[in-house]
């Protein structure tokens with residue numbers, strides 16, 4: 001037997017006479033037996049009757065055909081061959097010019113693109129140089145491509161392009177500054193080839209390298225070994241039998257055809273072919289590399305390098321240095337008669353900046369000031385300078401603040417002071 | 001009797017009589033749809049006529065001839081929306097139905113009181129239908145305005161017969177609930193008229 005709920009869902013269809021014969025019999029039978037459902041049917045019948053009555057006056061009374069049919073001949077005749085259900089005319093009402101729309105659109109786009117192309121800002125033309133020759137002495141041969149307007153050559157200030165090779169003759173020296181900045185100093189009878197700013201090969205001779213830290217490792221290939229570094233100072237000596245590597249600071253990885261290992265500072269290793277046991281030994285790296293100290297960059301060539309190859313590093317703005325000297329020993333302030341400055345001599349022969357020295361006491365009251373001339377730093381024989389306190393010695397200062405303010409009027413090369421001390425009486 | 005697809009093909013071959021048969025078949029549904037949108041402004045017949053002419057012009061674009069009914073429904077809806085947009089100002093100013101209803105000879109005898117009651121009742125029915133879910137409204141109008149059978153509603157809306165049966169069942173129950181307070185037992189001359197087929 002059908003449930004009341006099932007019957008209820010069929011009541012509307014019963015009123016609308018839309019039940020199938022079987023459904024009709026089942027519903028009628030249920031209604032005869034169930035008073036509740038019969039009552040519901042009457043309720044729904046009343047609603048339906050009311051709806052029919054309400055809409056009655058608005059019902060369409062006349063046949064619309066005549067009114068529409070008389071307008072049809074005015075319209076375009078629909079004489080089209082019909083083949084199949086999904087047949088559809090391609091474009092029955094298309095105007096003749098529509099066919100040209102794609103071509104015209106393409107033409108307009110082209111007309112817009114041409115001025116944009118010519119107005120587009122050009123990227124600054126790169127010189128293609130990866131470095132500059134910053135020192136050149138004696139006969140140096142260069143083989144390679146020219147860069148920009150400069151001829152490929154081994155003269156001072158020549159630009160270095162990828163793939164160039166350089167060979168120093170007897171008694172000649174060369175210094176190459178590459179992007180990074182990485183500096184290479186070539187001893188006499190040396191041949192190197194610069195593949196790019198982080199890859200080079202040394203065929204023969206002796207090379208001193210100051211490698212800047214970079215994202216890519218720096219690789220030096222020699223006939224017998226490969227040296228890989230990230231940022232360090234080292235030397236490579238290549239002859240026909242072996243490659244000798246000396247490390248001053250940092251860390252390098254070296255390998256020959258059968259083994260690889262790492263070299264620590266102040267160590268030297270001779271790499272030979274086929275030797276799996278390469279044992280480094282301690283050396284005084286500074287004395288090994290003493291030959292390189294005489295190769296100092298030419299200031300103008302270095303300026304060219306910083307402007308054309310390393311523009312970013314030229315933006316460095318060094319500040320002043322301040323040293324504090326405690327003058328009190330066992331609660332007694334010692335009178336100060338002189339000040340001493342020590343620094344690490346650099347590789348530049350000229351172009352140093354001078355320094356203004358301001359001396360203040362513990363409450364930052366200036367006691368005196370003086371100047372250190374730029375020529376002091378260009379003299380490579382000295383690494384120290386003395387300033388005598390003018391007039392009477394300084395007494396009861398407690399702490400001396402010594403400020404070193406760079407004065408760039410004479411040059412851009414700053415000096416890194418390692419120590420400042422005072423002479424107490 | 002030819003089915004819709006056959007009539008459509010005959011139309012496309014230039015037989016306007018076939019289009020007459022399609023009009024006869026669908027005029028109730030198109031009129032009811034037009035009434036649903038523009039009936040308040042007495043525009044149902046205008047909209048229906050416009051819809052049939054628009055459909056005739058667009059017939060070459062009909063993709064599936066056997067789905068002529070749902071296609072005609074969408075054209076009717078679009079035509080009604082266009083009509084309302086075109087006549088928005090007029091529609092806002094003019095008094096909406098039921099007073100826009102065409103007055104016939106039979107109505108004249110009832111007097112103003114009968115008219116007023118009938119108008120109030122129709123307003124209530126319209127409001128009750130407006131509260132139904134949107135999907136229920138058109139089938140209800142098709143059923144109660146033009147007395148379309150479930151098959152005719154199915155052919156026009158494109159929904160299945162079972163869906164239409166369910167929609168009308170649920171809509172009927174909701175309408176009964178919202179119109180239960182209207183007294184329908186009162187005796188009087190009814191305004192119901194048979195549909196012309």
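The values are calculated or read from the model by the stated rules, or taken from the named source; none is laboratory data. Every value quoted in this text rests on a predicted model; they were computed, and no experiment measured them. Ideal geometry is used to build each Cβ from the backbone, glycine not excepted, and the neighbour counts take in all protein chains shown.
Of note:
- Count - residues of the range A:13-60 that are assigned to a helix (DSSP H, G or I) and away from chain B (no Cβ under 13 Å): 15
- Hits in the range A:276-291 - residues which are over 24 Å from residue A:173 (Cβ atoms) and touching a strand residue (DSSP E or B) at 6+ places or on another chain (Cβ under 9 Å): A:278, A:279, A:280, A:281, A:282
- Output for the range B:1-40, where each listed residue is free of Cβ contacts under 8 Å to residues at least 60 places away in the same chain and not in a helix (DSSP H, G or I): B:1, B:2, B:13, B:14, B:15
- Test: residue in the range A:335-343 that is in the same structural domain as residue A:415 (by TED's automatic domain parsing) and within 30 Å of residue A:197 (Cβ to Cβ): yes
- Selection status of residue B:37, under 26 Å from residue B:150 (Cα atoms), at pLDDT 80 or above and either within 11 Å of chain A (Cβ to nearest Cβ) or crowded, with 22+ Cβ neighbours inside 10 Å (or both): no
- Those strands (runs of 3 or more DSSP E) lying entirely in the range A:194-305 with at least 1 residues within 30 Å of residue A:351 (Cβ to Cβ): A:199-211, A:218-221, A:226-229, A:232-238, A:242-249
- A residue that is facing chain A (nearest Cβ under 10 Å) and either surrounded by fewer than 16 Cβ atoms within 10 Å (Cβ to Cβ) or modelled with pLDDT under 85 (or both) occurs nowhere in the range B:80-92.
- Within this structure, residue A:196 passes the test of being touching a residue at least 60 places away in the same chain (Cβ under 8 Å), under 28 Å from residue A:169 (Cα atoms) and out of contact with any strand residue (DSSP E or B) (no Cβ under 6 Å at 6 or more places or on another chain).
- Each residue in the range A:384-408 was checked for being under 38 Å from the mean Cα position of the chain (by Cα) and within 22 Å of residue A:347 (Cβ to Cβ), and 4 of them qualify.
- Considering the range B:41-63, the residues that are touching a residue at least 24 places away in the same chain (Cβ under 8 Å) and over 17 Å from residue B:16 (Cα atoms) include one that is surrounded by the most Cβ atoms within 10 Å (Cβ to Cβ), namely B:48.
- Here residue A:308 passes the criteria (1) at pLDDT below 85; (2) in contact with a helix residue (DSSP H, G or I) (Cβ under 9 Å, 6 or more places away or on another chain) except the one numbered (2).
- Verdict on residue B:176 being at pLDDT 90 or above, within 20 Å of residue A:16 (Cβ to Cβ), surrounded by 16 or more Cβ atoms within 10 Å (Cβ to Cβ) and within 11 Å of chain A (Cβ to nearest Cβ): no
- Cβ pairs under 6 Å, 6+ apart, first in the range A:30-45 and free of Cβ contacts under 8 Å to residues at least 40 places away in the same chain, second surrounded by fewer than 17 Cβ atoms within 10 Å (Cβ to Cβ) and assigned to a helix (DSSP H, G or I): A:31/A:38; A:37/A:4
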